[in-house]
Every structure is written in C-alpha cells, then in structure tokens.
Ligand code: FES
C-alpha cells in the first residue's frame, strides 16, 4: 500500500525551464519530438521535458471541461491531466507511484502528463474519452487505492 507521503510528496518534475520548446519541421532534428495527435501539432522539446508543460507551452490544453478549473496545477494531486500514449511509451519516464494510484484501472499507455518526462519521440492523445473523472481516476477511487480497498 502506498503512503500519503508517497502519493502526494515526491520530487517536483515540473519547474520553470523544464521545457524549452522548439517548433520543428526539420526531419533531421536532434531534439525529442512530441506529436499531439488530436491537435495535429508537432513540437520539439529538450530531453527531460515535462509533458504537461510542453502541451501548455504549445498552446494545447491537457484538461477536459471543468478540469480546467479544478486541476492541481501540475503537482500530481488531481489526476486530470491524462494523456493516452499512442507511440513511444518507452521514450517516457516510468509510471510514478501517483500514476499507479490514479490510473490503476487504465491501460499502461495512459499517463498523467504532469508526472511524465519526455526522453525521446512520442505521440500522445490529449483528453482521452475515458481519461479522467471515472473509476480510479477520481477522488473516491484514489482514496480507495490509497487505503487498499
Ligand atoms: S495536473 Fe493534477 S495530476 Fe496532473
């Protein structure tokens, strides 16, 4: 069972200068490329960039509906910044303990973008239909996972 400190603590993976975006059209690029499938956008970022920050810096919204108002601002406490990884799952940081709780009943390619570091090319789908607000990815679901029920 995960402790509250494990769930809500841990290192901040998103900070200023975590992501410096470079729009790329050059196929010979040297930076990791993030393709946002639904938006049809492709951006380059520094290795180790935070996926949520990269989306926001690109003008893309990782949140759905009311989650624009009630999200935690990228500190891994709300479970609303879900993305589906279409390609390149191995080019991302491993799932964190927080993600294991919030995404317990989601496929392995679902990630919390604020807890995800980009290390190579990846294609993601923002705001998947079953991404947030249901099952483990809700306050009730997270509390149940936290206490092993
Ligand atoms: S923004 Fe709250 S968990 Fe990612």
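Ordered by the count of other Cβ atoms within 10 Å of each Cβ, fewest first, 64, 134 give 134, 64.
Arranged from fewest to most other beta-carbon atoms within 10 Å of their beta carbon, 72, 114 become 72, 114. By the count of other C-beta atoms within 10 Å, a proxy for reagent exposure, 96, 136, 113 are ordered fewest to most as 136, 96, 113.
Values quoted throughout were computed directly from the atomic coordinates according to the rules given, and no laboratory measurement underlies them. Just so you know, these numbers come straight off a predicted model, no measurement behind them. Heads up, the Cβs are rebuilt from the backbone with ideal geometry, glycines too, and the neighbour counts pull from every protein chain shown.
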